């Protein structure tokens with residue numbers, strides 16, 4: 001062990017190494033702080049929306065004495081709270097809304113109106129701990145390893161060091177371990193502090209830790225192989241930088257372009273536009289024909305009395321749902337396309353360790369594409385529950401009371 005600590009002392013006396021390690025520590029600490037701030041902001045936004053919605057609902061209850069009014073004016077908040085480790089790997093939470101307010105109207109327009117962009121892999125992503133680990137930590141390891149052997153050769157000391165008794169166990173292994181251990185210790189310490197602050201569980205923290213160590217071990221292995229190759233220090237540095245550039249940036253970006261090109265999906269804005277056009281066009285269609293189309297989907301209401309007035313809420317909510325039905329194939333293709341892209345990206349990641357580790361971090365932090373799509377499915381299920389709650393009041397003239405207003409379904413977060 002004394003050989004290990006000796007190498008730590010030597011390493012910290014090298015100005016370039018010291019600056020690289022200090023910069024990594026500062027960036028890691030900054031990324032964790034920013035991640036915690038972002039997660040706190042999202043949680044505060046969810047809390048605020050729920051509180052404000054309660055006030056808004058109380059005001060609506062005063063005048064919404066009919067089921068149609070209540071379903072039209074009343075918004076219902078849905079939310080996707082960040083997991084404890086989301087601060088370290090924000091993933092889809094950087095581009096997807098964490099809270100949606102929906103009504104019992106056509107849903108597709110409401111969902112896609114609130115999406116800034118498609119929930120697909122983005123490069124390089126927000127500056128978070130995962131970014132520091134995947135993109136910056138390898139550069140620090142390159143700085144620490146590129147001249148491990150060539151530096152000694154160029155200084156004329158390599159031959160003497162190689163003939164030392166047990167040089168491998170007393171010199172080179174401690175030297176490699178010191179570099180790997182110091183970088184790992186810095187990143188893990190910063191991450192663990194963030195995990196404690198965020199209240200992360202032991203299991204997910206250990207899983208995250210394991211991925212960090214595997215990734216740093218991968219780059220230590222690559223850097224050691226190149227450093228031992230016998231080339232000059234500038235050549236080693238250039239080769240390691242090229243490897244980093246290719247497997248961290250070029251290959252992932254190129255594969256992402258290929259996946260997107262070979263897996264086309266409908267545009268979210270197009271789904272929203274088509275949905276709203278279908279709803280708007282329904283005002284000019286035959287009302288009874290519209291209701292008959294709806295009754296084919298909900299035959300339990302087929303005995304509803306005919307319309308007696310130019311406007312009735314049941315007709316309005318019928319064509320709202322038919323608007324969703326019209327774009328259902330596009331919406332399904334959109335979700336399936338996103339899932340297919342993500343699955344294909346997962347296959348590509350098998351050959352690209354940086355992306356594989358990044359996906360693993362997002363999975364543990366529950367910020368990956370699957371988590372985002374799962375939230376959308378919970379919203380869809382709640383919207384169905386909400387619509388079907390109001391339908392008996394709308395189609396059977398069932399009286400709607402203040403107690404019924406309060407009994408409307410409420411979204412239950414994770």
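Points to keep in mind about this one:
- Residue in the range 306-314 that is farther than 15 Å from residue 105 by Cβ, in the same structural domain as residue 72 (by TED's automatic domain parsing) and surrounded by 13 or more Cβ atoms within 10 Å (Cβ to Cβ) present: yes
- Qualifying positions in the range 291-316 - more than 19 Å from residue 387 (Cα to Cα) and touching a residue at least 24 places away in the same chain (Cβ under 8 Å): 305
- The single residue among 411, 395, 319, 400 that is in contact (Cβ under 8 Å) with a residue 40 or more places away in the chain, in contact with a helix residue (DSSP H, G or I) (Cβ under 6 Å, 6 or more places away or on another chain) and not assigned by TED's automatic domain parsing to the domain that holds residue 99 turns out to be 411.
- Helices (runs of 4 or more DSSP H) wholly inside the range 1-86 containing at least 1 residues that are under 35 Å from the mean Cα position of the chain (by Cα) and loosely packed, with under 13 Cβ neighbours inside 10 Å: 15-63
- Among residues of the range 61-104, those that are within 24 Å of residue 36 (Cβ to Cβ), out of contact with any helix residue (DSSP H, G or I) (no Cβ under 7 Å at 6 or more places or on another chain) and touching a residue at least 24 places away in the same chain (Cβ under 8 Å), counted: 2
- Candidate set from the range 106-137 (those that are assigned to a loop (DSSP other than H, G, I, E, B), crowded, with 22+ Cβ neighbours inside 10 Å and modelled with pLDDT of 75 or more); member that is farthest from the chain's Cα centre (by Cα): 106
- Just one of (1) touching a residue at least 40 places away in the same chain (Cβ under 8 Å); (2) over 10 Å from the mean Cα position of the chain (by Cα); (3) within 20 Å of residue 98 (Cβ to Cβ) fails for residue 368. It is (2).
Rundown of residues vs (1) closer than 22 Å to residue 25 by Cα; (2) without any contact (Cβ under 8 Å) to a residue 60 or more places away in the chain, yes/no style:
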{"site": "172", "(1), (2)": "no, yes"}
{"site": "205", "(1), (2)": "yes, no"}
{"site": "211", "(1), (2)": "yes, no"}
{"site": "224", "(1), (2)": "no, no"}
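- Residue check for residue 341: under 34 Å from the mean Cα position of the chain (by Cα) and surrounded by 15 or more Cβ atoms within 10 Å (Cβ to Cβ): yes
- Being under 30 Å from residue 129 (Cα atoms) and either touching a residue at least 12 places away in the same chain (Cβ under 8 Å) or assigned by TED's automatic domain parsing to the domain that holds residue 274 (or both) holds for only one residue in 326, 358, and it is 358.
- Taking the range 354-403 as the range and being farther than 15 Å from residue 81 by Cα and not in a helix (DSSP H, G or I) as the test, the residues that pass are 396, 397, 398, 399, 400, 401.
The values are calculated or read from the model by the stated rules, or taken from the named source; none is laboratory data. Note that the coordinates shown come from a computational prediction; the quantities given were computed from them, not determined experimentally. Methodologically, a virtual Cβ is constructed for each residue, glycine included, from the backbone with ideal geometry; neighbour enumeration extends over all protein chains shown.
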